[in-house]
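What follows is a single structure, written as structure tokens, with notes after it.
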Amino acid sequence: MHALKMKTRYLNPARFEEHPAFLYTIYQNALRCQPGIVSLDKEKELGGRFYIEPSVKVSSFNVDDQEGVMWNRAVWFYEKSDEKAREIFVKYEQECIRELEHKIKGHEDILRSLNLKGE
Amino acid sequence: MSNPYLSKKRLKNDEKYHFRIGKESFDVYLYSIRTGALEKRFGNLSKSARGHAQFVFFNQDSLCNDRIIVSQLESRVFNGLLWLREENDNEAKRLFIQHENAKCEELKEKMEKHRQNLILLQTTKEWHKA
């Protein structure tokens with residue numbers, strides 16, 4: 001699927017519009033901001049892709065096609081917005097913790113019931 | 001520290017002690033957990049694709065007449081199910097408890113990492129220098 005998406009991007013350059021933007025990710029326990037170009041699908045079928053620059057080799061990242069929405073643990077903005085990015089990442093981590101707590105509770109409930117019925 | 005029960009190295013070593021299903025099919029007991037209790041079903045097991053096996057119920061009373069995908073290895077929890085060649089409720093219960101404990105530990109480790117990330121995000125204002 002990924003290869004197909006990349007092929008579509010490569011074969012139909014007119015289908016995608018590009019804008020300069022900033023990509024925010026978490027790398028080595030710290031927030032990282034990288035400038036680059038975001039490529040968006042005009043037909044809204046494929047997600048966004050962020051091309052990081054400047055770098056020795058061209059590296060790219062799958063991102064959401066909307067500004068300020070986290071996807072693939074990355075978020076992008078047209079303008080540099082450090083605090084907004086930090087807030088989004090804080091929310092994301094809090095959501096992850098909440099989800100994991102819920103999952104752990106489920107497993108612990110199963111364990112408790114198994115142990116109780118074993119006694 | 002990673003969980004030794006779930007690590008790939010350990011799983012490879014474990015395979016020596018498990019019975020692996022071959023070409024032939026045979027009758028087994030399938031165990032699962034439903035509403036916090038152990039559930040046992042009797043049926044036939046045969047080899048399936050992608051390193052798994054499929055279980056077909058003998059009891060036709062139940063509405064579910066589907067094939068269930070289970071592990072090819074005996075006493076390995078997969079898809080929330082495990083099978084044993086002989087009826088042994090206590091062993092099944094022990095294996096499920098072991099599996100659930102391992103899952104809990106794994107999730108707790110993940111949660112700890114997210115907590116550390118959250119603390120870092122809330123306390124330090126430093127940025128990664130690319």
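Coordinate-derived values only; no laboratory data. Source: prediction; values computed, not measured. Ideal geometry is used to build each Cβ from the backbone, glycine not excepted, and the neighbour counts take in all protein chains shown.
General observations
- Annotation note: of A:Leu46, A:Leu40, A:Leu23, the sole residue that is over 30 Å from B:Leu118 (Cβ atoms), surrounded by 16 or more Cβ atoms within 10 Å (Cβ to Cβ) and in contact with a Gly (Cβ under 8 Å, 6 or more places away or on another chain) is A:Leu40.
- Only residues that are touching a strand residue (DSSP E or B) at 6+ places or on another chain (Cβ under 9 Å) and more than 14 Å from chain B (Cβ to nearest Cβ) were counted across the stretch A:14-42, and they come to 13.
- Selection status of A:Arg112, at the interface with another protein chain (Cβ under 9 Å from one of its Cβ atoms) and touching a residue at least 40 places away in the same chain (Cβ under 8 Å): no
- From the options B:Glu112, B:Glu86, B:Glu100, residue that is part of a helix (DSSP H, G or I) and more than 13 Å from the chain's Cα centre (by Cα): B:Glu112
- A single entry from A:Arg98, A:Arg49 fulfils the requirement of being of a type in the set (D, E, K, R) and more than 13 Å from chain B (Cβ to nearest Cβ): A:Arg49.
- Selection of strands (runs of 3 or more DSSP E) fully inside the stretch A:8-93 by the criterion of at least 1 residues being not hydrophobic (A, V, I, L, M, F, W, C) returns A:16-27, A:30-41, A:48-52, A:59-63.
- Subset of the stretch A:50-93 (residues that are touching a helix residue (DSSP H, G or I) at 6+ places or on another chain (Cβ under 7 Å) and either of a type in the set (Lys, Arg) or exposed (fewer than 14 other Cβ atoms within 10 Å of the Cβ) (or both)): A:Arg86
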